[in-house]
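J.: Structure below; questions to follow.
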There are 2 protein chains.
Amino acid sequence: MIPGPTPVPESALIEMAKHPMAHRSKEFSNILKEVYEDLKYVFQTKNDIFLFTASGTGAMCAALENIVNEGDKVLCLVIGNFGARWAKIAESRGAEVIKLEVPLGEVIKPQMLEEALNKNKDIKIVTLTHSETSTGAANDVKTLCSIIKKHGALSVVDGITSLCAMEFKTDEWNIDVALSGSQKGFMIAPGLSFLTASEEAFKMHEQCKYPSFYFNWKEHKKSLAKDTTPFTPAVSLISSLHTSLKMIKEEGIENVNKRHKKLSLALRAAIKTIGLKLFVEDDNNASYAITSILPPEGITVPDIRKTLKDDYDIIVANGQGSLENKIFRIGTLGFVCERDLIMAVGALEASLIKLGYKFEVGSGVKKLIEELNK
Amino acid sequence: MIPGPTPVPESALIEMAKHPMAHRSKEFSNILKEVYEDLKYVFQTKNDIFLFTASGTGAMCAALENIVNEGDKVLCLVIGNFGARWAKIAESRGAEVIKLEVPLGEVIKPQMLEEALNKNKDIKIVTLTHSETSTGAANDVKTLCSIIKKHGALSVVDGITSLCAMEFKTDEWNIDVALSGSQKGFMIAPGLSFLTASEEAFKMHEQCKYPSFYFNWKEHKKSLAKDTTPFTPAVSLISSLHTSLKMIKEEGIENVNKRHKKLSLALRAAIKTIGLKLFVEDDNNASYAITSILPPEGITVPDIRKTLKDDYDIIVANGQGSLENKIFRIGTLGFVCERDLIMAVGALEASLIKLGYKFEVGSGVKKLIEELNK
């Protein structure tokens, strides 16, 4: 129950075990063609989606390394570790970075963004994180990107854990560059990432003095038009993705979004019922991909994680950085259903009792079931 | 029978079908630790090996994007498409590139390199390809790197198709930066690549103004010391590699090298026996990973490829770029044994007869067997 790698459906796993296809074969091109189309459906965009053999961070580099020139002003909206990563990538290309930060667990308010943009009229690019995996908070991408658009800057959105888990409308929300990774809502193993860029973003790309070679947008666009990739891709992962995308299409992206929202909000209600505190208090600021929880007084995060692992074979994530051992995080992302959550909340209750926490045992599962049956 | 993706042993394929492991778990760290060690064995180096979730071209970027500054003089030894790729990557970082080129099918002679280095005393980096997959020729890396070292420049060697197939001694041969990819001699699916850098290379890295973020050497070194990776890696591919590396160690890298040499030279002898021409005429300049062959008069490359594919389910590669339809290429790389080659040569003979080529049928297989039994 971690926020990635997430569970992989059997049909997608089996694709991985097949002999790697010749990457320049007609058979593989046919798969790639469908994958490119299905990714557009998930991203809800009419623009091309580029497919990189790389982790999600690779796609983040692919975003900035195609548009940033030395000295460019980049505004980074930081609500946690992954927001801070944007700033590091921009700096690695010589950008002048301005950080807009909030305390961990909180999100960027529209008015803060307005002020920052008004103060720095020459900001070229604004980076933001949709679902911040390190805290479990989620920015209101729709509102923030409309503000960015109004100010004439380019929006670059990390949707690594949010795609599929949360509503994400690239074109309708005026997102210029959007990206995600394979081992999250896409339900396959890590190793692939995806990026789409608007016409405006491509115009900025044309002005980039030293665009990335490996992640080069123009080269990827050229290859894509011929149903291929510029370099040998991770063919096994792409075949696996081909299968999982069909599952997403069959369920329907709106239904996939709704399932995540329902599971996540039910989990939050259950956690509150057993008396534990949520790190992101307001449901409106919560990611539907991951829920961060504070341990009860006198019980440590390592104790909870160890009991869940040893006695119930369930892994939940620790906090990252300054949040290590302060919170634990439960992922409800990808190939996850009600059964999994009943198991997780039940096992959490069982662990807490063993660790000496006093509460009404069963009340979390009861609340969870009530919420799921609504 | 293409030069990658190459056949994957069943034990390595099965690892791919397992549920992706949590990348920060102790279990996965243990696997990673062994993989890092076993890669050092294959590269024959005492230095760290960095593991990237990326194609081989990603590792090529990882080589230059950690050492090249704008305006640096880089000498690129070009004997084919992959040698030319080095020049493009260097240029993408603003380097001043000098190309030393030879006609396709030939290799760089030591004296040519000496002259080029003498003419340009301020060359900082020299890039070269060991086994040039596009032509089937192989540079004498040992001799060339000793010359580069003598001149005080840094050598950067693409070993993507050569590692395992050919003798490759990173430390003994004074190679500063060496790299390879997973879907070649390492016998797994594409999606991972590897790089090692000498102390001298690291010194140059320290002077790099805008080193790559995703492929950053220092960050990879830091993570490696903790048996982890800076970003979520392709865990399934790493588990698969863990298995294939054990097979390589069991066979012994010297024996793996010998097997490739024997298969490749036997194939060359068989091809000559049936009267076809080898694109790389001199055995001393031939790659043991891939053999480029000219079709006989009046028969086209597409005809040969189509017959092999349709009637015998065997894929051989076409030529690339200006060599398209002029040569076809047979890979003898990775998980390939005598049986495979007997099949390939037999099927090639059968195809040629069908296509109307006149020769002594069976003579190729006979010669092959004689050579293999020597």
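The values are calculated or read from the model by the stated rules, or taken from the named source; none is laboratory data. Predicted model, so just to flag it, every value in this text is computed and none were measured. All Cβ positions, glycine included, derive from the backbone under ideal geometry; neighbour counts span all protein chains shown. The protein model used for the area step is the full one, side chains on, heavy atoms only, and it has no ligands, DNA or RNA in it. Shrake-Rupley method; radii C 1.70, N 1.55, O 1.52, S 1.80 Å.
J.: Going by a 1.4 Å probe on protein heavy atoms, which residues of the stretch B:159-205 end up with at least 40 Å² less accessible surface in the whole assembly than in their chain alone?
T.: Relative to the lone chain, where solvent access is computed with a 1.4 Å probe, the stretch B:159-205 loses at least 40 Å² at B:190.
J.: Hey, another quick one. Give me the percent of accessible area attributable to carbon and sulfur for the protein assembly as shown, probe 1.4 angstrom. Kindly include the intermediate steps, with their values, before the conclusion.
T.: Numbers: 13960 of 27910 Å².
Answer for the protein assembly as shown is 50 percent, counting heavy atoms of protein chains only.
J.: Still on this model: Please report the base-10 log of the normalised intensity I(q)/I(0) for the stretch A:146-247, using a Debye sum with one equal scatterer per alpha carbon and no solvent, at each q in 0.20 (1/Å).
T.: Cα-only, vacuum Debye calculation for the stretch A:146-247: -1.20.
J.: Based on Cα positions only, what radius of gyration and what Dmax would you give for the protein assembly as shown, in angstroms?
T.: 27.1, 89
J.: Per DSSP H run of at least 4 residues, take -39500 (n - 2.57); add these up for chain B, divide by its residues and hand me the 222 nm value, nearest 500 deg cm²/dmol. Can you show the working numbers first?
T.: Values: 13 runs with 159 residues, N = 374.
That comes out to -13500 deg cm²/dmol.
J.: Expressed as a whole number of Å, what is the distance separating the alpha-carbon centroids of the stretch B:326-353 and the stretch B:250-277?
T.: Cα centroid of the stretch B:250-277 versus Cα centroid of the stretch B:326-353: 11 Å apart.
J.: Which distance in Å, rounded to a whole number, links the C-alpha centroids of the stretch A:1-66 and the stretch B:103-125?
T.: The stretch A:1-66 and the stretch B:103-125 have Cα centres separated by 41 Å.
J.: Next question. Ordered shortest first, which distances in nm separate the 7 Å Cα→C-beta label point of residue B:324 from those of the other copies?
T.: Copy-to-copy label distances for residue B:324: 5.2 nm.
J.: Please report the Cα spread of the stretch B:1-79 along all three principal axes, rounded to whole Å, starting with the longest.
T.: Dimensions of the stretch B:1-79 along the principal axes of its Cα atoms: 47, 36, 24 Å.
J.: Which three extents, in angstrom, do the Cα atoms of the stretch B:323-374 have along their principal axes, listed largest first?
T.: In descending order, the Cα extents are 30, 27, 14 Å.
J.: Could you report the buried accessible area between B and A, both sides summed, computed with a 1.4 Å probe and given in Å² to the nearest 100? Mind dumping the intermediate values first?
T.: Numbers: alone 15800 and 15810 Å², together 27910 Å².
The B and A chains share an interface burying roughly 3700 Å².
J.: So if I restrict to the alpha-carbon atoms in the stretch B:84-237, what is the Rg, and what is Dmax, the biggest pairwise distance, in Å?
T.: 16.1, 48
J.: Would you be so kind as to list the residues of the stretch B:213-247 that have their accessible area lowered by at least 40 Å² in the full protein complex compared with their chain by itself (1.4 Å probe)?
T.: B:213, B:214, B:231, B:232
J.: Taking R0 as 30 Å, what's the FRET efficiency between residue A:207 and residue A:99 from their Cβ-Cβ distance, rounded to 0.05? Let's see the in-between values first.
T.: On the way: r = 24 Å, r/R0 = 0.80.
So, using R0 = 30 Å, E works out to roughly 0.80.
J.: Using a Cα distance threshold of under 22 Å, what count of lysine pairs results for the stretch A:250-313 when pairs must be 8 or more residues apart or interchain? Intermediate values should be presented prior to the final figure.
T.: On the way: A:258/A:272; A:261/A:272; A:261/A:277; A:262/A:272; A:262/A:277; A:272/A:306; A:277/A:306; A:277/A:309.
Lysine pairs satisfying the spacing and distance rule in the stretch A:250-313 number 8.
J.: Now, a different point. Per-residue HN-Hα couplings for the stretch B:7-17, Karplus 6.51 cos²θ - 1.76 cosθ + 1.60 at θ = phi - 60°, whole Hz, x for Gly and Pro?
T.: Values per residue, Gly and Pro as x: x, 10, x, 4, 4, 7, 5, 4, 4, 5, 7 Hz.
J.: Something else about it: Taking a probe of 1.4 Å, how large is the accessible area per residue of the stretch A:10-251, in Å²?
T.: Per residue, the stretch A:10-251 has an accessible area of 33 Å².
J.: Checking a compactness column here: for chain A, what do you get for Rg(Cα) / (2.2 N^0.38 Å), N being the number of residues? Don't skip to the answer; put the middle values down first.
T.: Values: Rg = 20.8 Å, N = 374, 2.2 N^0.38 = 20.9 Å.
Against the compact-globule rule of thumb, the ratio is 1.00.
J.: Once you've got the Cα coordinates, tell me which of A:169/A:218; A:40/A:222; B:142/B:222 are over 25 Å apart. Don't jump to the answer; show the numbers that get you there.
T.: Details: A:169/A:218 23 Å; A:40/A:222 17 Å; B:142/B:222 30 Å.
Check vs 25 Å cut-off fails for B:142/B:222.
J.: Let me ask something additional. Does a label point 7 Å from the Cα of residue B:311, set along Cα-to-beta-carbon, have any residues of the stretch B:335-362 with amide nitrogen under 11 Å, and which are they?
T.: B:347-357
J.: Sticking with this one: In Å, what Kirkwood hydrodynamic radius results for the stretch B:287-374 from the alpha-carbon pair distances?
T.: Numbers: mean 1/r = 0.0739 Å⁻¹.
One over the average 1/r among Cα pairs gives 13.5 Å for the stretch B:287-374.
J.: With N denoting the number of residues in the stretch A:100-183, provide Rg(C-alpha) divided by 2.2 N^0.38 Å, to two decimal places.
T.: 1.05
J.: Further, regarding this structure: Taking R0 as 45 Å, what's the FRET efficiency between residue A:360 and residue B:14 from their Cβ-Cβ distance, rounded to 0.05?
T.: On the way: r = 46 Å, r/R0 = 1.02.
E(calc), rounded to 0.05, equals 0.45.
J.: Calculate the dipole size of the protein assembly as shown relative to its Cα centre from +1 charges on Lys and Arg beta carbons and -1 charges on Asp and Glu beta carbons; express the result in debye to the nearest 20. Don't skip to the end; give the middle numbers.
T.: Working: 92 positive and 94 negative charges, 9 e Å.
In debye, rounded to 20, the protein assembly as shown gives about 40.
J.: How much length is gained on full extension from residue B:339 to residue B:33, taking 0.36 nm per residue of separation minus their Cα-Cα distance? Mind dumping the intermediate values first?
T.: Details: separation 306, 0.36 × 306 = 110.16 nm, distance 3.45 nm.
Gain in length upon complete extension: 106.7 nm.
J.: Treating the beta-carbon of each Lys and Arg as +1 and of each Asp and Glu as -1, no other charges, what is the dipole magnitude of chain A about its Cα centre, to the nearest 20 debye? Working shown, then result.
T.: Working: 46 positive and 47 negative charges, 40 e Å.
Its charge dipole is roughly 200 debye.
J.: Something else about it: Quick check on the protein assembly as shown: of the DSSP beta bridges with both residues there, what percent are antiparallel, nearest 5%?
T.: Taking every DSSP beta bridge within the protein assembly as shown, about 55 percent pair in antiparallel fashion.
J.: Which GluC sites (Glu not before Pro) does the stretch A:1-96 hold that lie in a coil by DSSP with at most 15 other beta carbons within 10 Å?
T.: Loop-located and lightly packed - A:70.
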